[in-house]
Amino acid sequence: MINPLPESAEAAKARRLRSIAIALALGAFVILVFVITIAKIGGHVADPHRF
Amino acid sequence: MTDAAAETVAPAVPARWQDYVALLKPRVMSLVVFTGLTGLVCARGSLGPVLGAVAILCIAVGAGASGSLNMWYDADIDARMRRTRGRPVPMGRVQGADALALGLVLSLFSVGVMFLAVGVLAAGLLAFTIVFYAVVYTMWLKRSTPQNIVIGGLAGALPPVIGWAAASGSVPANAWLLCAIIFLWTPPHFWALSLYTAEDYAKVGVPMMPVVRGAASTRRQILIYSLVLIPVAIAPAFTGLGGALYLAIAGLGGAMFLLLAGRLALSKAGDATDERVVERRGRLYHVRTGAKDARNLFAFSILYLFLLFAGLLAEHLIGLGALRW
């Protein structure tokens, strides 16, 4: 097995911040889909006569 | 795909998250958000504030995706131009394949979410805009014809139409009027810039108008487009879209625009490199004789477009009525 080149401290920090940015973006996407769903359904989601 | 775009080289420095933000061309995004918001507000549709905000987000992300695809494809010429050589791909901070992937993912995201949140018309227009900018303009027109920014300008002109479609589900004549204003504004705006950046485009073989037809022809065409633009910019005051504030901005600003375009037409802007200043170090561009007139029009064109759309936005937000004739 070939050992990967050791990662510099600067590269490791940049990678960690990129990972955090991706996590935040994914979290924001989940919240966005939730908000769109609520907005499309409207305020009568629990009303049994609506459907 | 270009050779440079196809190259896979190890990044010289580690990519920061800010480099990926830079791929999205944030300044272009801000302009697109502004014009898209104006279209959305002017439509007076039934879309609520939450879905309206989602629509604007989709327009912004779609514009960012187009920017990322543009930077992927144009990495070879970006690396050789002063204005663009600091971008993440030519600098080696982001690999071309990563810029391509980001552009594709964000394109699918923006169009998909627009479809789910708003509807098929706005999503379809957004998809068309992304494809038009990334494929028709970037991959085809930009390197093949001096009319590149004239035709390609349609991509930058469509956001108010998308905003209007998102809000109302239709695109009436007034929406296309906003599109026409930006479409006709683009050539005088961009050619004024290219009059004093022509060396860069000539060096990389991009057939911008001053490179192919010469500075005198470019100055003349700027004036012609300006003469067509100003009446079209004033037109919303007569179509039930703009009010007295808008008419004042479009009329007075238009007169100033024509004055600057006329002065530029009579100037020597772009004719030859100004030897007095070309050797100064640290300049972004080789400054050409008479460049001041070109810079003045370039700067004022940005202000004019901003004021036109800000006027419309303000009138509709505070409820000022359109003029009745």
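Throughout, read-outs are computed from the coordinates displayed, never taken from laboratory work. Please read all numbers here as calculations on a predicted model, not as lab measurements. Note that each Cβ is placed from the backbone with ideal geometry, even for glycine, and that neighbours are counted across all protein chains shown.
Please state the shape class of the stretch B:92-227: rounded when a/c is under 1.5, otherwise prolate if a/b exceeds b/c and oblate if not, all from the C-alpha gyration tensor.
Judged from the Cα gyration tensor, the stretch B:92-227 comes out oblate (a/c at least 1.5, b/c at or above a/b).
Can you tell me the equivalent ellipsoid semi-axes for the stretch B:172-325? Use √(5λ) from the Cα gyration tensor, largest first, whole Å.
Numbers: eigenvalues 233, 40, 34 Å².
Largest first, the stretch B:172-325 gives 34, 14, 13 Å.
Given 0.36 nm per residue, what is the gain on full extension from B:ALA299 to B:LYS203 after removing their alpha carbon distance, in nm?
Details: separation 96, 0.36 × 96 = 34.56 nm, distance 2.47 nm.
Result: 32.1 nm gained on full extension.
Work out how much length B:LYS292 to B:VAL105 would gain on full extension: take 0.36 nm times their residue separation and subtract the Cα-Cα distance, in nm to one decimal. Let's see the in-between values first.
Numbers: separation 187, 0.36 × 187 = 67.32 nm, distance 4.18 nm.
Residue separation times 0.36 nm, minus the Cα-Cα distance, leaves 63.1 nm.
Determine which residues of the stretch B:48-90 fall in the zone a paramagnetic label at A:LYS40 would reach in this model, i.e. backbone nitrogen under 16 Å from the point 7 Å along Cα→Cβ.
Once the point is set 7 Å along Cα→Cβ of A:LYS40, B:48, B:50-56, B:58 turn out to lie under 16 Å by backbone N, inside the stretch B:48-90.
Taking chain B as a Gaussian network, where each spring joins two C-alpha atoms under 10 Å apart, which residue of B:PHE132, B:PHE183, B:PHE306 fluctuates the most?
The residue with the greatest mean-square fluctuation here is B:PHE306.
Could you pull out every whole DSSP H run in chain B that spans at least 20 Å of Cα extent along its own axis and averages 0.5 or higher on the Kyte-Doolittle scale?
Details: long enough: B:26-42 (24 Å, 1.55); B:49-73 (36 Å, 1.44); B:96-117 (31 Å, 1.99); B:173-195 (34 Å, 1.27); B:215-234 (29 Å, 1.28); B:244-266 (33 Å, 1.87); B:291-317 (39 Å, 1.13).
Helices meeting the span and hydropathy rule in chain B are B:26-42, B:49-73, B:96-117, B:173-195, B:215-234, B:244-266, B:291-317.
For a quick check, take a GNM of chain B with Cα springs below 10 Å and name the residue from B:LEU158, B:LEU51, B:LEU31 with the largest mean-square fluctuation.
B:LEU51
Assuming a ≥ b ≥ c are the square roots of the Cα gyration tensor eigenvalues, decide whether chain B counts as rounded (a/c under 1.5), prolate (otherwise, with a/b larger than b/c) or oblate. It would help to have the intermediate numbers written out before the result.
On the way: a/c = 2.19, a/b = 1.12, b/c = 1.95.
Oblate.
Running Debye on the protein assembly as shown with equal point scatterers at the Cα sites and no solvent, what base-10 log of I(q)/I(0) appears at q = 0.11 Å⁻¹?
One equal scatterer on each Cα of the protein assembly as shown leads to -0.86.
Among B:SER301, B:SER30, B:SER68, what is the fewest-to-most ranking by other Cβ atoms within 10 Å?
Final ranking by Cβ density, sparse to dense: B:SER30, B:SER301, B:SER68.
Once you have the Cα-Cα distance between B:LYS268 and B:ALA173, take 0.36 nm times their residue separation minus that, and quote the gain in nm to one decimal.
Working: separation 95, 0.36 × 95 = 34.20 nm, distance 3.92 nm.
Residue separation times 0.36 nm, minus the Cα-Cα distance, leaves 30.3 nm.
For the stretch B:1-170, what value does the Rg/Rh ratio take when both radii are computed over Cα atoms and Rh is the Kirkwood radius, given to two decimals?
Values: Rg = 16.3 Å, Rh = 16.2 Å.
Radius of gyration over Kirkwood radius for the stretch B:1-170 works out to 1.00.
Specify the longest stretch of chain B that does not include any exposed loop site, a site being one of the GluC sites (Glu not before Pro) with a non-H, G, I, E, B DSSP assignment and at most 10 other Cβ atoms within 10 Å. Walk me through the numbers on the way to the answer.
Working: sites that count: B:GLU275, B:GLU279.
Here the longest run is B:1-274.
If exposed means no more than 12 neighbouring beta carbons inside 10 Å and the site is in a DSSP loop, what's the longest run of chain B without any exposed trypsin sites (Lys or Arg not before Pro)? The partial results should precede the final answer.
On the way: sites that count: B:ARG44, B:ARG276, B:ARG280, B:ARG281, B:ARG283, B:ARG324.
Free of exposed loop sites, the longest segment is B:45-275.
If I model a spin label at A:VAL33 and B:LEU227 as a point 7 Å from the Cα along the Cα→Cβ vector, what separation in nanometres do I get?
5.6
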